[in-house]
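Where a number appears in this text, it was derived from the coordinates with a stated rule and is not lab data. A quick note: this is a predicted structure, and the numbers were derived from the prediction, not measured. Positions of Cβ are backbone-derived with ideal geometry, glycine not excepted, and every protein chain shown enters the neighbour counts.
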Amino acid sequence: MARPGGKPALRQHRAMSGILVNRSSSPALPMFVPDGKELPMRTLRAILHPTRIASAHCDIPCGIYDPEQARIEAESCYKIIGMYQASDDANLKARIIHVKEERAELVKHHLDVLWHDYFKPEHLQQYPDLHETFWKATKQASTVRHSLDLDAARELLSMIDTIDEMWKATGGLEKTRVNGRPC
């Protein structure tokens with residue numbers, strides 16, 4: 001597609017205002033209006049483009065870390081596998097598999113956040129097997145994601161319980177929860 005004047009068109013999309021806007025990240029590139037005139041303006045995307053990107057398990061690094069999040073998702077996997085085995089409905093089984101895979105992926109996510117954001121080098125002195133424990137647990141979550149084995153799901157729950165004990169012993173409950181865990 002060519003612009004007026006025979007120049008090749010840049011990748012464009014229609015903005016909500018009806019003006020065609022460049023998708024380029026360059027702030028100096030022009031905007032186009034439907035009649036073909038160029039306006040030398042910065043795009044809103046370029047103006048609001050962040051100069052630094054931060055990442056956390058939520059939008060704000062709040063310091064709340066708890067293996068209970070991973071355990072809830074793992075329990076869901078365990079229950080879902082039981083539902084799958086008890087059902088004869090092919091449509092329900094397809095939905096169950098989809099949800100189980102999502103939940104197992106969330107287990108991995110919650111474990112990774114806890115592993116990488118909460119646990120520090122000083123915790124390795126107390127638990128030299130910390131990295132191996134997390135690595136095996138996330139691998140087990142992958143196994144649960146790809147199978148319908150209740151024993152695999154039960155093993156994942158056991159691994160999360162071990163991580164929970166490490167978290168509590170390193171002061172996780174007092175350091176990261178406002179009033180401890182709800183009863």
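Couple of notes before you dig in:
- Only the Cβ atoms of Lys and Arg (+1) and of Asp and Glu (-1) were treated as charged; on that basis the dipole of segment 68-176 about its Cα centre amounts to roughly 180 debye.
- A Stokes-Einstein calculation at 4 °C with viscosity 1.567 mPa s, built on the Kirkwood radius of segment 68-176 over Cα pairs, returns a diffusion coefficient of 90 µm²/s.
- Each of Met159, Gly82, Ala169 was placed along the dipole of segment 68-176 (beta-carbon charges, centred on the mean Cα), and the one lying farthest toward the positive end is Gly82.
- Gain in span if fully extended, Thr176 to Ser147, counting 0.36 nm per residue against the direct Cα distance: 7.1 nm
- Over 32 Å between alpha carbons, listed pairs Lys93/Lys168; Lys79/Lys136; Lys93/Lys175: Lys93/Lys168; Lys93/Lys175
- Packing here is the average count of other Cβ atoms within 10 Å per residue, and on that basis the peptides 105-113, 163-171, 127-135, highest first, run 105-113, 163-171, 127-135.
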